1. Scan the stretch 177-194 and report the pairs whose first residue is under 12 Å from ALA318 (Cβ atoms) and modelled with pLDDT of 90 or more and whose second residue is in a helix (DSSP H, G or I) and polar (S, T, N, Q), with Cβ atoms within less than 7 Å and a gap of 6+ or a chain change.
2. Just checking, how many residues over the stretch 12-26 are touching a helix residue (DSSP H, G or I) at 6+ places or on another chain (Cβ under 8 Å) and free of Cβ contacts under 8 Å to residues at least 12 places away in the same chain?
3. Would you be able to tell me the number of residues in the stretch 137-159 that are assigned to a loop (DSSP other than H, G, I, E, B), at pLDDT below 90 and either touching a strand residue (DSSP E or B) at 6+ places or on another chain (Cβ under 6 Å) or surrounded by 11 or more Cβ atoms within 10 Å (Cβ to Cβ) (or both)?
4. Just checking, which of VAL283, VAL251 is over 18 Å from GLY169 (Cβ atoms), modelled with pLDDT under 95, in contact with a Cys (Cβ under 8 Å, 6 or more places away or on another chain) and β-branched (Val, Ile, Thr)?
5. Please determine whether any residue of the stretch 114-127 is touching a residue at least 12 places away in the same chain (Cβ under 8 Å), under 30 Å from ILE339 (Cβ atoms) and part of a helix (DSSP H, G or I).
Amino acid sequence: MYFAAPIVYGVLRRHPRHRKGCAVVGFVILLAGLIGASFAETVPQLLATQGVLYAIGGSIHYFPAFLYLDEWFIQRRGLAYGIVWAGTGTSGIAIPLTMEWILANWGFRTALRTWAVITVVLTTPALMFLKGRLPDRHASLGPQRLDMAFLRSPTFWVLQAGNVIQCLGYFMPTLYMPSFAVAQGWSSLSGTVAVSLCNGANVVGATLTGWLVDRYHVTTAINFCAVGTVLAVFLFWSFAVYQPVLYTFAVLYGLFAGGFSATWSGCAKPLRQRYPAVETGMVISLFSAGKGLGSVISGPLSGALVKSDSWKNHADFAYGSGYGSLILFSGITASFASIGWFGKKCGIV
């Protein structure tokens, strides 16, 4: 889904008249993937529907919104994008608890179909309100050129490097919170509650970071997220041998790590100093692809870290839970997001 972002944005930027239709088509494909997955009988069928079809539909449906945001918001663009990213946290507050309850009582088929119905009910009205700021005639002038000269800038690659490395460990805490809770001797529900708390804090974190991006240099906002995330991991997850400590970590991680995506809109500002034609939406799409690269690598990497953890039952606090290597890796990769700050000090960013 993340990898398709630059392609979807680039095509629709050249053919803006098709952006709303594209969002609708993507929505239909997304629903087909969900419903199809509920009828899957084999693993390949599940991968083809929920893994591939759902991802393709989600990309085509989701990323056209960036073109609308670029038109509507100029002065407070960072805050606007922050609120958009906060939307993912909003949905993640109740969904983990609801889905666990449905899965436990009715199974994955009912869970997928229920989510498809909820998606239709919530998303269909929103599609009706999709409207560009510019008159339709400006979106109908034919293919428009997209300037990608900023890809030659070291500024972009320094910021992207920090983004990719940070994303290597970004998904691990929320992915392993439920199993970490079970390893600590708690119920799986406690892990699900932690994920919900993390998603709820994500709403505040993304919005706050978007606000920071509009008022300060983007590296300041990135450092805010990086320092907070590192402290949350090493001061709270490392010592999460009691449930309240785990919940505290979840809130702090959502607050700080949840803001990383909201910094992407600010990454266009230093690029625009040399390349005035830089479009925020394309920069965000490329950073989304970077996040996708990090997520693809982090999947097998996190499994290998857990499997090879030699600290289990030999280290103190949470490091002896079997997830010590994962905790350490997550904290270290989060610190690398500050590469952009060092780049600013060196005059690169």
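1. ALA181/SER188; ALA181/SER190
2. Summing the residues that are touching a helix residue (DSSP H, G or I) at 6+ places or on another chain (Cβ under 8 Å) and free of Cβ contacts under 8 Å to residues at least 12 places away in the same chain in the stretch 12-26 gives 1.
3. Final tally of qualifying residues: 4.
4. Unique residue meeting the criteria: VAL283.
5. Within the stretch 114-127, none of the residues are touching a residue at least 12 places away in the same chain (Cβ under 8 Å), under 30 Å from ILE339 (Cβ atoms) and part of a helix (DSSP H, G or I).
Residue by residue, here is whether (1) free of Cβ contacts under 8 Å to residues at least 40 places away in the same chain; (2) among the polar types (S, T, N, Q); (3) outside any helix (DSSP H, G or I) holds:
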residue: GLY200; (1), (2), (3): no, no, no
residue: VAL204; (1), (2), (3): no, no, no
residue: THR207; (1), (2), (3): no, yes, no
residue: GLY210; (1), (2), (3): no, no, no
residue: ASP214; (1), (2), (3): no, no, no
residue: THR219; (1), (2), (3): no, yes, no
residue: PHE224; (1), (2), (3): yes, no, no
residue: THR229; (1), (2), (3): no, yes, no
residue: VAL245; (1), (2), (3): yes, no, no
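Residues checked against (1) closer than 25 Å to VAL84 by Cα; (2) assigned to a helix (DSSP H, G or I):
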{"position": "GLY259", "(1), (2)": "yes, no"}
{"position": "ALA268", "(1), (2)": "yes, yes"}
{"position": "VAL278", "(1), (2)": "yes, no"}
{"position": "SER285", "(1), (2)": "yes, yes"}
{"position": "SER295", "(1), (2)": "yes, yes"}
{"position": "PRO300", "(1), (2)": "no, yes"}
{"position": "TRP311", "(1), (2)": "no, no"}
{"position": "PHE342", "(1), (2)": "no, yes"}
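The values are calculated or read from the model by the stated rules, or taken from the named source; none is laboratory data. This one's a predicted model, so the numbers in the text were calculated from it and none came from an experiment. With ideal geometry, Cβ positions are generated from the backbone for all residues, glycine too; neighbour counts draw on all protein chains shown.
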